[in-house]
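K.L.:
Sharing a structure with you now.
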Protein chains: 2
Amino acid sequence: MTQRNVAIAIQDSPFARKLAAFVRLSQSDLSVMSEIYQRRRRFSVGVDMIHQGQSGQSAFVLASGWACSYKILPGGTRQIVDFQIPGDFLGLRSVLFRTADHNVEPITPVQASEVTQHDLLDAFARTPRLATAVLWAASRDEAMVVEHLVDLGRRSAAERMAHFMLEMGARLRLVGIGDRTGYACPLSQYLLADALGLSAVHVNRVLRELRESGLLTFQKGRVVFDDHDALVELAGFDRAYLDHDGPLLI
Amino acid sequence: MTQRNVAIAIQDSPFARKLAAFVRLSQSDLSVMSEIYQRRRRFSVGVDMIHQGQSGQSAFVLASGWACSYKILPGGTRQIVDFQIPGDFLGLRSVLFRTADHNVEPITPVQASEVTQHDLLDAFARTPRLATAVLWAASRDEAMVVEHLVDLGRRSAAERMAHFMLEMGARLRLVGIGDRTGYACPLSQYLLADALGLSAVHVNRVLRELRESGLLTFQKGRVVFDDHDALVELAGFDRAYLDHDGPLLI
């Protein structure tokens, strides 16, 4: 494959679409990215890709499928921190920190590209713009965790669910999956419960209420926004923290 | 001041101490940092340094004093996301994002160095190691927000308070403030309440319980660890997410 062809292939990937939302990627940015992105590994559902407490772990860029990051507390309870979709980094902290401070597990079959600490530092040395884009992506991830903090601290169960479904929709659209009407969603009610700090029974009830109010339907693995505007209003959803309005850095 | 003297001065700053926990800083890293760090601005208590929803905001590196970052929800309630101490970035997202997605306000009189988007990109182009160190610092901040998420989702009021006080202690020690016996802490019970998702009355009760159990005393602006080990045990405090064991990147 010529340099030019590689760049065209990577350009359509979720990874490039996501970073291109912040930085207009040059040919050399794209070729550094495609070197990393072309190495693929496959992972099965339920087998940890990253283990809390282990050292020398790699990070991954997710090429296809969904994963979730979670923490196990000393008492054995689990808190889901976030879900990852194509284009997202998995375990960026586990490559920067001495030991991984969380687990990452595939929810569906996953293809991902491994990124070692050496890859990351080498890429940054070659293209500082890419470093900035990765910093932006990490900052966006932090912004999402902040929103989940606000969820648990200050939002009602229905507001949390609405906010979460809108956020996933916006993230997926950015990488070319789903549209304003909805998206395919592999999450079980148990996973939603663990992420939103609700019981599975409560998740079921909230989803029924949202459906009966004509706002949102989640059935047969598909989220449908029945009334997108009313949902945004209910959730107090402000897209600013996702910042998807085209590259800031030209 | 000669190049060498500047580097020596910056080396003792909280900013350099913090980043040096991840990257062994070279002479040229230090001189890029000291250019940024020497420009100082002063801010008064209660006057926002960064405003949610505004665009083109700078970031700051905190040189002295404490600040807090918070979000105002559409209904007007406030959620404190984190507190910032010397050496921390304030509003890194507000320089990377189109609009700031949170507020930052001094809790004590503050001295801080302004960092524009241009400064950041320029520094990254000159020293990719510094970019990696900033990415690490941003990742550590995310790890702390994750812990606060776990606080709200899964920890009791006493566990939250213990975890929070230990985390602040570890962060302060890293930048040369306080020691294993305790630290000066300017936080009111109202600020603690807003950060931990408790009422001020509840904060008062939890602090009394911790004091009466011989674990921790917070009085007259000073936190004293009466029994550090028992506190670590109660909180399930695992320092891995702060990663303070010396530079990973040599």
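The values are calculated or read from the model by the stated rules, or taken from the named source; none is laboratory data. The model shown is predicted, which means the values in this text are computed figures rather than measured ones. Ideal geometry is used to build each Cβ from the backbone, glycine not excepted, and the neighbour counts take in all protein chains shown. Only protein heavy atoms, including side chains, enter the accessible area calculation; ligands, DNA and RNA are left aside. Shrake-Rupley method; radii C 1.70, N 1.55, O 1.52, S 1.80 Å.
K.L.:
Please give every one of the aspartates and glutamates within straight-line cross-link reach of B:Lys18, meaning a C-alpha to C-alpha distance under 13 Å, and leave out same-chain neighbours fewer than 8 residues apart.
P.N.:
Cross-link targets: B:Asp88, B:Asp141, B:Asp243, B:Asp245.
K.L.:
Here is a further query. In debye, nearest 20: dipole of chain B around its Cα centre with unit charges on the Cβ of K, R (+) and D, E (-)? If you can, show how the numbers build up before the last one.
P.N.:
Values: 27 positive and 28 negative charges, 106 e Å.
Magnitude of the dipole: close to 500 debye.
K.L.:
Compute, for the protein assembly as shown, the length of the dipole vector about the Cα centre, with Cβ point charges of +1 (Lys, Arg) and -1 (Asp, Glu) only. Units Debye, rounded to 20.
P.N.:
Numbers: 54 positive and 56 negative charges, 109 e Å.
So the magnitude is around 520 debye.
K.L.:
I'd like the Karplus ³J(HN,Hα) series for region A:84-98: coefficients 6.51, -1.76, 1.60, θ = phi - 60°, whole numbers in Hz, and an x wherever there's a Gly or Pro.
P.N.:
With the stated coefficients, region A:84-98 comes to 10, 10, x, x, 7, 6, 10, x, 4, 5, 6, 8, 8, 9, 5 Hz.
K.L.:
Taking 0.36 nm per intervening residue step and subtracting the Cα-Cα distance, what contour gain separates A:Asp48 from A:Arg173 on full extension? Numbers along the way, then the final one.
P.N.:
Values: separation 125, 0.36 × 125 = 45.00 nm, distance 2.67 nm.
Here the segment from A:Asp48 to A:Arg173 would lengthen by 42.3 nm.
K.L.:
Taking H placed 1.01 Å from N in the peptide plane, check which residues at least 5 places from B:Gly182 or on another chain put their amide H under 5 Å from its amide H.
P.N.:
Under 5 Å from the amide H of B:Gly182: B:Phe225.
K.L.:
Something else: So what is the calculated 222 nm ellipticity per residue for chain A, using -39500 (n - 2.57) for each DSSP H run with n of 4 or more, over all residues, to the nearest 500 deg cm²/dmol?
P.N.:
On the way: 10 runs with 117 residues, N = 250.
Counting only the DSSP helices, I get -14500 deg cm²/dmol.
K.L.:
Taking H as built 1.01 Å from N, whose amide H comes closer than 5 Å to the amide H of B:Cys68, not counting residues under 5 places away?
P.N.:
B:Gln84, B:Glu105, B:Ile107
K.L.:
Another question, if that's okay. Let me confirm one metric for peptide B:85-95, namely the mean number of other chain beta-carbon atoms within 10 Å of its residues' beta-carbons. Don't skip to the end; give the middle numbers.
P.N.:
Numbers: counts 0, 0, 0, 0, 0, 0, 0, 5, 10, 1, 2.
Partner-chain Cβ atoms within 10 Å, mean over residues of B:85-95: 2.
K.L.:
I'd like the Karplus ³J(HN,Hα) series for region A:108-125: coefficients 6.51, -1.76, 1.60, θ = phi - 60°, whole numbers in Hz, and an x wherever there's a Gly or Pro.
P.N.:
The phi angles translate into 10, x, 10, 10, 8, 9, 6, 10, 8, 4, 4, 4, 5, 5, 5, 4, 5, 5 Hz.
K.L.:
Other chains near A:67-76: what is the mean number of their Cβ atoms within 10 Å of each residue's Cβ?
P.N.:
Working: counts 0, 0, 1, 1, 8, 0, 7, 6, 4, 0.
For peptide A:67-76, the averaged partner shielding equals 3.
K.L.:
Based on alpha-carbon centroids, what's the gap between region A:21-65 and region A:144-195 in Å, whole number please?
P.N.:
22 Å
K.L.:
I need the calculated FRET efficiency for the pair A:Thr116 and B:Arg39, taking r as the beta carbon distance and R₀ as 35 Å, to the nearest 0.05. Mind dumping the intermediate values first?
P.N.:
Numbers: r = 37 Å, r/R0 = 1.04.
Taking R0 as 35 Å, the efficiency between A:Thr116 and B:Arg39 is 0.45.
K.L.:
Are there any residues in region A:135-157 with a reduction of at least 40 Å² in accessible surface when going from the isolated chain to the assembly of protein chains? Probe 1.4 Å, please list them by number.
P.N.:
A:Leu135, A:Ser139, A:Glu142, A:Val145, A:Val146, A:Leu149, A:Val150, A:Leu152, A:Arg154
K.L.:
Please compute the average number of Cβ atoms from other chains found within 10 Å of each residue's Cβ in peptide A:119-125. Could the numbers behind the result be given before it?
P.N.:
Working: counts 0, 2, 6, 1, 1, 8, 5.
Other-chain Cβ atoms within 10 Å of each residue's Cβ, averaged: 3.
K.L.:
Once you place label points 7 Å from the Cα toward the Cβ at A:Ser199 and A:Ala230, how far apart are they in nm?
P.N.:
So the two model labels end up 2.8 nm from each other.
K.L.:
Let me ask something additional. Quote the charge dipole size of region A:67-130 about the Cα centre in Debye, to the nearest 20; the model charges only the Cβ of Lys and Arg (+1) and of Asp and Glu (-1).
P.N.:
Details: 6 positive and 7 negative charges, 36 e Å.
That gives a dipole near 180 debye.
K.L.:
Give the long-range amide H neighbours of B:Val115: residues separated by 5 or more places, or on another chain, with amide H under 5 Å away, using H modelled in the peptide plane at 1.01 Å from N.
P.N.:
B:Ala59, B:Phe60, B:Val61
K.L.:
Same structure, new question: What nm distance separates the two modelled labels at A:Ala9 and A:Leu73, each placed 7 Å from Cα along Cα→Cβ?
P.N.:
Here the answer is 4.6 nm between the modelled labels.
K.L.:
Further question on the same structure: Using a probe of 1.4 angstrom, how much of the accessible area of the protein assembly as shown is carbon and sulfur, in percent?
P.N.:
Details: 9270 of 18960 Å².
Roughly 49 percent of what the probe reaches on the protein assembly as shown is carbon or sulfur.
K.L.:
Once the dipole of region A:142-241 is set up with Lys and Arg at +1 and Asp and Glu at -1 on Cβ about the Cα centre, which of A:Ala195, A:Val232, A:Val146 lies farthest towards its positive end?
P.N.:
The one lying farthest along the dipole's positive direction is A:Ala195.
K.L.:
Something else about it: Of all DSSP beta bridges in chain B, what percent run antiparallel (nearest 5)? Kindly include the intermediate steps, with their values, before the conclusion.
P.N.:
Numbers: 30 of 31 bridges.
Antiparallel bridges: around 95 percent, rounded to the nearest 5.
K.L.:
Charges on Cβ only, +1 for Lys and Arg, -1 for Asp and Glu, centred on the Cα centroid of the protein assembly as shown; of B:His102, A:Gln219, A:Phe22, which one is farthest towards the dipole's positive end?
P.N.:
With unit charges placed on the Cβ atoms, the residue in question is A:Phe22.
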